[in-house]
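K.L.:
My questions will all concern the structure given below.
Just so you know, all these numbers are worked out from the coordinates, no wet-lab data involved. Just so it is clear, the model here is predicted, and its values are computed rather than measured. Every residue, glycine among them, receives a Cβ derived from its backbone with ideal geometry; neighbour counts consider all protein chains shown.
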Amino acid sequence: MGEIESRALGRVTVYSIQGCSHCVQAKAALGLLDVPLCDVDVGRHPELRARLKELTGCSTVPQIFFNNVHVGGNDELQKLAPDELQRLVCLVKEKALPADAPPLPEDSQSEDTARETDGTAELSLLLREMILKLFSEHLSTDGTSVDYKGLSVNPAFERYCELAIQLQRVELLSLSREEKLAFFINIYNALVIHGYLRLGAPTNMWQRYRFFNYVSYLIGGEVFTLQDIENGVLRGNRKGVAQLRRPFSKSDPRLQVALPDAEPLIHFALNCGAKGCPPIKTYTPQDIDSQLRTAAEAFLENDNGCVVDSGKREVRLSQIFKWYKADFGGTDEKLLKWVLDHMGDSPKKASLQGVLSAGKTKISFLPYDWSSNSTH
């Protein structure tokens with residue numbers, strides 16, 4: 001949790017997650033207001049997620065409060081009229097923090113990301129937080145691009161590489177389902193960023209195929225590529241997109257690590273480095289299912305994930321639902337039911353319910369933005 005000091009009586013509270021471009025934009029704008037700014041990373045403090053949703057009705061970040069006045073997310077902040085923004089700034093400067101102000105973590109001390117760790121789950125989280133910190137430091141102010149070149153020469157990146165070597169000594173077979181989910185999601189996302197830094201972003205289909213089939217870490221004495229992690233472990237050893245066979249054969253020792261069944265929610269947590277991917281977040285085993293459901297709700301609320309056209313009785317979904325349709329039930333009917341069941345309470349969900357009630361719903365798929373967010 002970070003805080004910017006000021007002489008004001010109140011504070012602005014921002015609930016955010018490292019690596020979130022909208023969070024970066026919001027905090028950059030708030031930093032110009034000369035008011036105390038308290039940044040609460042809900043990735044580090046997942047116990048606040050439920051309370052935040054209770055307060056705001058939203059699963060997405062950032063969520064911004066001026067004292068106890070909820071403004072909304074980055075879009076709402078940017079759209080505030082100058083007079084209204086000035087009123088909120090005066091509120092923070094002149095009024096003491098009320099008793100019903102949004103909560104802060106009980107332990108407000110920052111964590112030491114340089115500590116050593118032997119635990120598998122702890123190591124994955126530490127690696128993830130380190131690379132997300134690097135990612136955030138090199139994210140552009142508007143949140144749309146990343147200076148990977150600058151990130152690669154940051155001394156903290158070398159520290160990350162040193163820690164990644166420890167992965168070869170972890171014990172995977174002792175992990176619970178929840179620990180496997182958090183561990184491999186975090187490692188997958190970190191490995192993508194690491195691969196981008198070392199090899200550059202793939203720019204065509206062939207390069208993407210090679211990238212996801214060859215970029216790998218040595219984990220627990222076995223090599224795991226990005227394809228192995230996604231399709232072998234997290235999807236219960238299912239064939240990936242354009243794959244002719246399952247990642248792990250019956251005699252492959254890595255098969256023992258695979259989840260027994262595909263977990264569809266992982267598709268809203270894995271980030272392959274393209275602009276069309278879900279946002280980057282850190283996951284912990286303690287409440288992984290809740291975190292993944294929150295990620296799915298946020299993805300579906302975004303128009304890059306789902307668009308409901310009531311007039312045409314049409315639902316337009318991300319290509320993710322087409323590529324991995326089997327994970328969501330395998331049929332159009334089951335897919336739409338899954339989407340409806342995993343939406344947060346919102347006008348979009350009500351629109352989808354109306355379209356489905358009318359019958360003869362058409363499904364189409366949105367273009368996928370494979371472009372990299374690199375500045376170079």
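K.L.:
Place +1 on the Cβ of every Lys and Arg and -1 on the Cβ of every Asp and Glu in the chain, take the dipole about the Cα centre, and give the residue among Tyr217, Cys161, Ala201 whose Cα lies farthest towards its positive end.
P.N.:
Selected residue: Ala201.
K.L.:
Could you give the dipole magnitude of the stretch 207-267 about its Cα centre, charging the beta-carbon of Lys and Arg +1 and that of Asp and Glu -1, in debye to the nearest 20?
P.N.:
Numbers: 9 positive and 6 negative charges, 60 e Å.
The dipole magnitude comes to about 280 debye.
K.L.:
Report which label in [x] 21.3, 68; [y] 22.7, 86; [z] 22.6, 63 holds the value of Rg and Dmax of the Cα atoms in Å derived from the coordinates of this structure.
P.N.:
It is the value labelled [x].
K.L.:
Return the calculated 222 nm mean residue ellipticity for the chain, to the nearest 500 deg cm²/dmol, obtained by summing -39500 (n - 2.57) across DSSP H runs with n ≥ 4 and dividing by the residue count.
P.N.:
One gets -11500 deg cm²/dmol as the mean residue ellipticity at 222 nm.
K.L.:
Given the options Ser251, Ile266, Val35, identify the residue whose Cα lies farthest towards the positive end of the charge dipole of the chain (+1 on Cβ of Lys, Arg; -1 on Cβ of Asp, Glu).
P.N.:
Result: Ser251, furthest along the dipole toward the positive end.
K.L.:
Shifting gears a bit: Give me a comma-separated list of calculated 3J(HN,Hα) values for the stretch 170-187, in order, Karplus coefficients 6.51, -1.76, 1.60 applied at θ = phi - 60°, integers in Hz, x for any Gly or Pro.
P.N.:
Each residue's phi maps through the Karplus curve to give 6, 9, 7, 5, 8, 6, 6, 4, 5, 5, 4, 4, 5, 4, 6, 5, 4, 5 Hz.
K.L.:
Continuing with the same structure: For the stretch 329-373 and the stretch 222-267, what is the separation of their C-alpha centers, rounded to whole Å?
P.N.:
What the calculation gives is 26 Å, centre to centre.
K.L.:
Separate question: Among Met343, Trp323, Pro285, whose Cα projects farthest towards the positive end of the dipole of the stretch 261-376, with charges put on the beta-carbon of Lys, Arg (+1) and Asp, Glu (-1)?
P.N.:
Trp323
K.L.:
Using the crude model of +1 on Lys and Arg Cβ and -1 on Asp and Glu Cβ, and no other charge, please compute the dipole size for the stretch 243-343 relative to its Cα centre, in debye to 20. If you can, show how the numbers build up before the last one.
P.N.:
Details: 14 positive and 14 negative charges, 95 e Å.
So the dipole magnitude of the stretch 243-343 works out to roughly 460 debye.
K.L.:
What is the calculated FRET efficiency for Gln243 to Leu80, with r their C-beta to C-beta distance and R₀ = 41 Å, to the nearest 0.05?
P.N.:
Working: r = 48 Å, r/R0 = 1.17.
Using R0 = 41 Å, I get an efficiency of 0.30.
K.L.:
Any idea how far the Cα center of the stretch 60-107 sits from the one of the stretch 301-315, in Å?
P.N.:
31 Å
K.L.:
In addition: Which value, in debye to the nearest 20, describes the size of the charge dipole of the chain about its Cα centre when Lys and Arg Cβ atoms bear +1, Asp and Glu Cβ atoms bear -1, and nothing else is charged?
P.N.:
On the way: 43 positive and 48 negative charges, 329 e Å.
That gives a dipole near 1580 debye.
K.L.:
Within the stretch 160-175, find all residues whose amide N lies under 13 Å from a label point positioned 7 Å from the Cα of Lys133 along Cα-to-beta-carbon.
P.N.:
160-161, 163
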